[in-house]
Each structure stands twice: as structure tokens, then as C-alpha cells.
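Worksheet for the structure shown next.
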Amino acid sequence: MMLEKINEYIDRLPLDVEPRGLYEPIRYVLSLGGKRIRPMLMMMAYEMWREDGTDILPQAVALETYHNFTLLHDDVMDNADVRRGKPTVHRKWNENTAILSGDNMLVLAFKWMMGLSEQFKSKNKDRQIDFQAVMDVFTQTAIEIGHGQQYDVDFETRNDVSEEEYIEMIRLKTSVLLACAVKIGALMAGAPKEDVENLYKFGEAMGLSFQLQDDYLDVYGDPAVFGKAIGGDITSNKKTYMLINAMQKAEGADKEELMRWINAKEFDRAEKVAAVTALYNKLGIDKMAKAKMEEYYKTAVKALDAVSVEEEKKKSLREYAAKMMKRNK
């Protein structure tokens, strides 16, 4: 029901306007669907203190719009062909359109974050919401995501990236947005400060586990389910948790083979993916990744446990987090 409400709201966004060349790609991106994880998390957090998460649909959809803006620009930077099983914007239109429409999505995200639904206004006439805190966390998150993206770019030319550096990069690039979602939901609900911070810790840890799952699924996922070709991180030598640990753990002939594939300028894609995956299996990198996911998941659960509302109020968020851990795309 919550997902349906989010999609219905997105369908009604005022994007059928001129210039069409600017807004059609935005509607296209938002219509590709996805799991809507960030707006779902925001509304679930809000409902831990208030009854109806649809009260903050403007904020929830603003965050989803911002997230999709980052994906649109990521696709340009990565020269990606497919997103969620469909052509990326720069493939369907061109790079200039993708950049400009993405820029406009960023501005729209901030505009919509500052909007309040009529039901929210009517239900909160006598209650003061720290709306400046909402905009502060949203703005700081946007800044941090830019930092994370730059670190990700920097790592492309380095073969000495440590696991600690990588975890910090994905914290900035991915997990702070999930943390932002639940924190804004709690702030909009007027939650106590300590609970707001515990929810942020919950979202941050879930985000780390989530990104490690992406790393894992890019190697071991089903391409028909995952929505894009498996092994993209391997073919591009992307510094993931898995590659970083393989480079540190491999010795002798295994190390030589791994570096040969990393340094190869020309190669058969399928052959490289199969060879590097076999090395991951041999070195136990798949098991390491799963253990790290579980570690962050347990940290998230502990933070959620610390939120001072009755267990029934945590049920939706707890079940959703458990479901995220079992995803296959």
C-alpha cells in the first residue's frame, strides 16, 4: 500500500510541462520504478510516531528524486547502457540532456523537500517541527554524497585502496542517504533527539550492508533479476569490497593471475568475469562479503532496538530491513 501511494504521487508530479526536452527524461527516470527504498524508509520512520506516512509524501518523493538524479549522473560517468532493464537517459537521448535533466532533478528535489502536504499542515497546526533541521540533514547528505562520488572516482586509478577507505567511501556515497531518509522521517514526526540519532545509525549501517550486497550481486546475482549484466564491476576493475580483499589476500600464482586480469587492456569479457569470480571463490571472498553484510545488519538492528517506542511501532521497519537483507536485485 505504501509503495502504491509513492508511485501514485510520482505519477501525478507536474512534469508534463515545457520545455519537454528537459522534463520528459525526468519523468522517464522516475517511471522506471525500482524498490523506492528511501521513501519507504522515511515514511516507516515517520509512522513510528505518527499514524499516516502519506503526510510526508512530498519529502519522501523529494528524496527519491534526489536519489534518481545521482543515478542519472552516475550512468553518464560510468558510460552505462542500462538502468533497471531500460536504456539509460544518455543512451535514449544524449549526454547533454542527461546532465541538464539531472541538474533540474536536483533543484526539484530541494524544492519538493521544502513542501508540506495539506494533511500534514492540518494535523500539525499546534505542533512546531524543526524544519530547518530537515533541510540541514538533507543538504549535508547531498554534500557527503558528492564526497563519496569523488572518492569513488579517485579509487579508479589506485590499486592500494584499503578496506577502511572503501567502507568510508560507500558510507558517504550510499549509506548516508538511507540514514537521511529515516532521520527526516523521525524529524518530521517530532521524535525525541536520541531516537532521531539512533535511527540515523540504523540507516547508516543498513546502507553499508546494502551496498555490500550490491557488490556481491554484481558478481553472483542473476542478470535476469538483477536488471543489468553481471560482472560489470569486474570488467571495469571497480574497487569493491571484494576486489580490494582479493588483492590483499591473493598470493603467488593467484596474485599474478588477478593482476594480469586487472592490467589487461584487451580481454574477452565473459572470460575475465569467470576467471576473477573463480579466484574470489578460491580465496573465500564471497564468504567474507556475506559476513561483513551480516555484521552491519546486526549493528543496524541494535540501533533500532535502542529507539524508545514500543516494539509494535518498530515492526514495519524491522521487517523491511530483514527483507532488504534477502534481496536478489
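Determine if the stretch 170-182 includes at least one residue that is open to solvent by 50 Å² or more (accessible area, probe 1.4 Å) and out of contact with any Asp or Glu (no Cβ under 9 Å at 6 or more places or on another chain).
No: the stretch 170-182 contains no residue that is open to solvent by 50 Å² or more (accessible area, probe 1.4 Å) and out of contact with any Asp or Glu (no Cβ under 9 Å at 6 or more places or on another chain).
Table: residues versus (1) in contact with a His (Cβ under 8 Å, 6 or more places away or on another chain); (2) in a helix (DSSP H, G or I); (3) under 19 Å from Asp11 (Cβ atoms).
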{"residue": "Glu64", "(1), (2), (3)": "no, yes, yes"}
{"residue": "His67", "(1), (2), (3)": "no, yes, yes"}
{"residue": "Met77", "(1), (2), (3)": "no, yes, no"}
{"residue": "Ala98", "(1), (2), (3)": "yes, yes, no"}
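Within the stretch 147-162, how many residues are outside any loop (DSSP other than H, G, I, E, B), open to solvent by 100 Å² or more (accessible area, probe 1.4 Å) and touching a residue at least 40 places away in the same chain (Cβ under 8 Å)? Give the steps one after another, and end with the answer.
Residues of the stretch 147-162 outside any loop (DSSP other than H, G, I, E, B): 147-155.
Right, trim to open to solvent by 100 Å² or more (accessible area, probe 1.4 Å) and you get 151.
Now drop any that are not touching a residue at least 40 places away in the same chain (Cβ under 8 Å), which leaves none.
Counting residues in the stretch 147-162 that are outside any loop (DSSP other than H, G, I, E, B), open to solvent by 100 Å² or more (accessible area, probe 1.4 Å) and touching a residue at least 40 places away in the same chain (Cβ under 8 Å) gives 0.
Return only the number of the condition from (1) in contact (Cβ under 8 Å) with a residue 60 or more places away in the chain; (2) open to solvent by less than 30 Å² (accessible area, probe 1.4 Å); (3) touching a strand residue (DSSP E or B) at 6+ places or on another chain (Cβ under 9 Å); (4) not hydroxyl-bearing (Ser, Thr, Tyr) that Phe138 does not satisfy.
Only one criterion in (1) in contact (Cβ under 8 Å) with a residue 60 or more places away in the chain; (2) open to solvent by less than 30 Å² (accessible area, probe 1.4 Å); (3) touching a strand residue (DSSP E or B) at 6+ places or on another chain (Cβ under 9 Å); (4) not hydroxyl-bearing (Ser, Thr, Tyr) is unmet by Phe138, namely (3).
Please determine whether any residue of the stretch 102-117 is over 16 Å from Pro14 (Cβ atoms), of a type outside the set (Lys, Arg) and part of a loop (DSSP other than H, G, I, E, B).
Yes, the conditions are met somewhere in the stretch 102-117.
Of the conditions (1) more than 14 Å from the chain's Cα centre (by Cα); (2) open to solvent by 30 Å² or more (accessible area, probe 1.4 Å), Gln211 satisfies every one except a single condition; which number is it?
In the conditions (1) more than 14 Å from the chain's Cα centre (by Cα); (2) open to solvent by 30 Å² or more (accessible area, probe 1.4 Å), Gln211 misses (1) alone.
Applying the selection to the stretch 183-197, what residues are open to solvent by less than 20 Å² (accessible area, probe 1.4 Å) and within 18 Å of Arg318 (Cβ to Cβ)? Steps first, answer last, please.
Initial filter on the stretch 183-197 (open to solvent by less than 20 Å² (accessible area, probe 1.4 Å)): 184-186, 188-189, 191, 195-196.
Once the filter is applied, which keeps residues that are open to solvent by less than 20 Å² (accessible area, probe 1.4 Å) and within 18 Å of Arg318 (Cβ to Cβ), the stretch 183-197 yields Gly185, Ala186, Ala189, Ala191, Asp195, Val196.
Residue by residue through the stretch 248-289, note down the ones that are assigned to a loop (DSSP other than H, G, I, E, B), touching a helix residue (DSSP H, G or I) at 6+ places or on another chain (Cβ under 8 Å) and open to solvent by 60 Å² or more (accessible area, probe 1.4 Å).
Phe267 - this is the single residue of the stretch 248-289 that is assigned to a loop (DSSP other than H, G, I, E, B), touching a helix residue (DSSP H, G or I) at 6+ places or on another chain (Cβ under 8 Å) and open to solvent by 60 Å² or more (accessible area, probe 1.4 Å).
The values are calculated or read from the model by the stated rules, or taken from the named source; none is laboratory data. On a predicted model such as this, the values are computed, not experimentally measured, just so you know. When we count neighbours, we look across all protein chains shown, and the Cβ atoms used for this are built from the backbone with ideal geometry, even at glycine. Protein only, heavy atoms only, side chains kept; ligands, DNA and RNA dropped before computing areas. Shrake-Rupley method; radii C 1.70, N 1.55, O 1.52, S 1.80 Å.
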